[in-house]
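The structure appears right after this line, and notes come after that.
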């Protein structure tokens with residue numbers, strides 16, 4: 001679930017609680033949202049749970065969306081690194097630099113489309 005969907009879900013629950021007469025303070029709302037986050041957000045949650053009344057819900061929302069973007073960015077970079085390493089290992093150490101228009105016939109070792117019967 002994306003952070004936007006998560007926050008909308010939490011907001012709808014907070015709103016429903018408010019409509020039913022159960023009032024929540026801004027701090028309660030923030031703690032409710034933060035306590036539902038997964039382990040990948042621990043580095044974000046821990047400082048905020050130790051600092052009380054420092055941020056508003058809208059500030060927490062903006063920071064969570066930014067944090068999610070950073071997690072996605074790091075995930076993409078790691079994926080690219082893994083793919084690069086996998087491609088490099090898949091090619092082995094037999095890297096031969098064939099330029100434009102050159103080819104290698106893997107069956108008989110000929111280059112440049114040469115004729116074996118020459």
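The values are calculated or read from the model by the stated rules, or taken from the named source; none is laboratory data. The structure presented is a predicted model; accordingly, all values stated were derived computationally and were not measured. Here the Cβ is made from the backbone with ideal geometry for all residues, glycine too, and neighbour counts use every protein chain on show.
Out of everything in region 30-57 that is in contact with a helix residue (DSSP H, G or I) (Cβ under 9 Å, 6 or more places away or on another chain) and in a loop (DSSP other than H, G, I, E, B), what residue ends up being nearest to residue 10 (Cα to Cα)? Once the filter is applied, the top-ranked residue is 36.
Remark: pairs (first residue in region 37-50, under 12 Å from residue 71 (Cα atoms); second residue in a helix (DSSP H, G or I) and at pLDDT below 90; Cβ separation under 7 Å; 6+ apart in sequence or on different chains) = 40/71.
Residue 68 satisfies every condition listed in (1) on the phi > 0 side of the Ramachandran plot; (2) under 16 Å from the mean Cα position of the chain (by Cα) except (1).
Residue pairs whose Cβ atoms lie under 7 Å apart, sitting 6 or more positions apart in sequence or on different chains, and linking a residue in region 69-93 that is part of a helix (DSSP H, G or I) to a partner that is modelled with pLDDT of 70 or more, are 71/40.
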